[in-house]
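Note sheet for the following structure.
The values are calculated or read from the model by the stated rules, or taken from the named source; none is laboratory data. Note that the structure is predicted; figures quoted are calculated from it, not measured. All Cβ positions, glycine included, derive from the backbone under ideal geometry; neighbour counts span all protein chains shown. These area figures cover heavy atoms from the full protein model, side chains too; ligands, DNA and RNA do not enter into them. Shrake-Rupley method; radii C 1.70, N 1.55, O 1.52, S 1.80 Å.
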Amino acid sequence: RGPGLAAFVSATPPSARTKSPGESSPGGPLDPAMDSITRVHEDLREATDMMRENLAQVVDRGEHLELLVDKSDGISNQARQFQKQSTGLRKAMWWKNVRSMLTLAGSLVVLLMLVLVWRCGFSLSHCKSSPTGGAAA
């Protein structure tokens, strides 16, 4: 938007100022009909000024609303980007956890095998039970 609308709203009318009630015209004393016309002109001028001020406030409010819309769009885009990044990070951490658990399980299996080999020998011949199913004689 250009400054055209704001400049138009804030500009004062080029018309000459009307006389306030009680001022006499150069032609003679106060005329009651002229006095009421002058009052109507003054009321009209005040109403016009008030309308211009209100219009300027509406234009300002519209500009503020546009700024808020732009900011909310930016925040929405940042939220989407954050969500994508956090989803990727969550998946990466899940896989890291799975790898850690598999490494731990593999280490326990290797440790168990080492203990069995140490206690029973490589062929596990020392740990086999007797064929009679009873105690050794």
Practice problem: Could you pull out the residue among ALA56, ALA79, ALA33 that is open to solvent by less than 80 Å² (accessible area, probe 1.4 Å) and at pLDDT 95 or above? | Solution: ALA79
Quiz item: How do the pairs read when you match residues in the stretch 102-124 that are outside any loop (DSSP other than H, G, I, E, B) with residues anywhere that are open to solvent by 80 Å² or more (accessible area, probe 1.4 Å), using Cβ under 9 Å and keeping only pairs 6 or more apart or on different chains?
Solution: ARG119/HIS126; CYS120/HIS126; CYS120/LYS128
